[in-house]
1. Consider segment 125-169. How many of its residues are in a strand (DSSP E or B) and either of a type in the set (Val, Ile, Thr) or over 26 Å from Thr65 (Cα atoms) (or both)?
2. Yes or no: Leu81 surrounded by fewer than 20 Cβ atoms within 10 Å (Cβ to Cβ), at pLDDT 95 or above and within 14 Å of the ligand (Cβ to nearest atom)?
3. Considering (1) near the ligand (Cβ under 9 Å from one of its atoms); (2) surrounded by 15 or more Cβ atoms within 10 Å (Cβ to Cβ), say which one Asn106 fails and leave the rest.
4. Please find, within segment 1-34, the residue that is farthest from the ligand (Cβ to nearest atom) out of those that are within 26 Å of Ile134 (Cα to Cα), small (Gly, Ala, Ser) and surrounded by fewer than 17 Cβ atoms within 10 Å (Cβ to Cβ).
5. Where the second residue is away from the ligand (no atom under 13 Å from the Cβ) and in a loop (DSSP other than H, G, I, E, B) and the first is closer than 20 Å to Thr40 by Cβ and among the polar types (S, T, N, Q) and lies in segment 58-77, which pairs have Cβ atoms under 6 Å and are six or more apart or on separate chains?
6. Looking at Gln93 and the list (1) crowded, with 17+ Cβ neighbours inside 10 Å; (2) free of Cβ contacts under 8 Å to residues at least 40 places away in the same chain, which single condition is not satisfied?
7. Of the residues Asn37, Asn129, only one is surrounded by fewer than 19 Cβ atoms within 10 Å (Cβ to Cβ) and in contact (Cβ under 8 Å) with a residue 12 or more places away in the chain; which?
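The values are calculated or read from the model by the stated rules, or taken from the named source; none is laboratory data. As the structure is a computational prediction, the values presented were derived from the model and not from experiment. For neighbour counting, all protein chains shown are included, and Cβ atoms are generated from backbone atoms with ideal geometry for every residue, glycine included.
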Amino acid sequence: MLTTDANYWEQRYQDNNAPWNLSMAAPPFTSLLTSVNAPTAGKTAILGCGPGHDALLFAKYGFETISFDFAPSAIAIAQNLSKTMGITSEFMQRDIFELANEFANNFDYAIEHTCFCAIHPSQRPDYVNTVRSILKPNGELIAIFFAHSRPDGPPFGATLEEIHDLFSPVFDTSEIALAHNSIASRQGEEYIARFRVLK
Ligand SMILES: C[S@@+](CC[C@H](N)C(=O)[O-])C[C@H]1O[C@@H](n2cnc3c(N)ncnc32)[C@H](O)[C@@H]1O
């Protein structure tokens, strides 16, 4: 499976063929952090962080962030950006599916943006278990889900129903809504969610 191989993603970064890179944080995250409902800062994992824009946004708002990506070039790009922007944020080259061994019960938040849609759909149950494992008992997944319906991938789309079915055994999935300020090419296809770990 191409997308399960770190070399596939690494090559995309080396070829400068990373059209998912918005060159800025995802606008729905910026809106959330500047809203009255902004989450209180806490220890935060960014999954499949890519070039690091979302991580640096959360770090700028006082979150202690550790970001993970298995493509070495993504980590290098993110570390350089962190230096350029003068924002302290940690970036680690890791396979997210290994994180439970190293970071069990470690984070107040996990941040998801175009990582869930990048992994193969067969890996989704593992993804849910990984996110649950690295979060503290009261932790929260803050996610932007790409819910397009085009066949094949990456990115692999998902319906609201699929998202609910996957996450609801271990998360309260009631808080999910269409994002109102997605970039033009993703408008109407992105959902912002705040899924708290079930007691
Ligand atoms: C579509 S990109 C999105 C990057 C970033 N979230 C963004 O929005 O710019 C997906 C990222 O997930 C990373 N990725 C995919 N599977 C991964 C895995 N198993 N462990 C760590 N990173 C992974 C890829 O290397 C890639 O950087």
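1. 2
2. In short, yes.
3. (1)
4. Looking at residues that are within 26 Å of Ile134 (Cα to Cα), small (Gly, Ala, Ser) and surrounded by fewer than 17 Cβ atoms within 10 Å (Cβ to Cβ), I get Ser31.
5. Thr65/Ser89
6. If we test Gln93 against (1) crowded, with 17+ Cβ neighbours inside 10 Å; (2) free of Cβ contacts under 8 Å to residues at least 40 places away in the same chain, just (1) comes out false.
7. Matching residue, one of Asn37, Asn129: Asn129.
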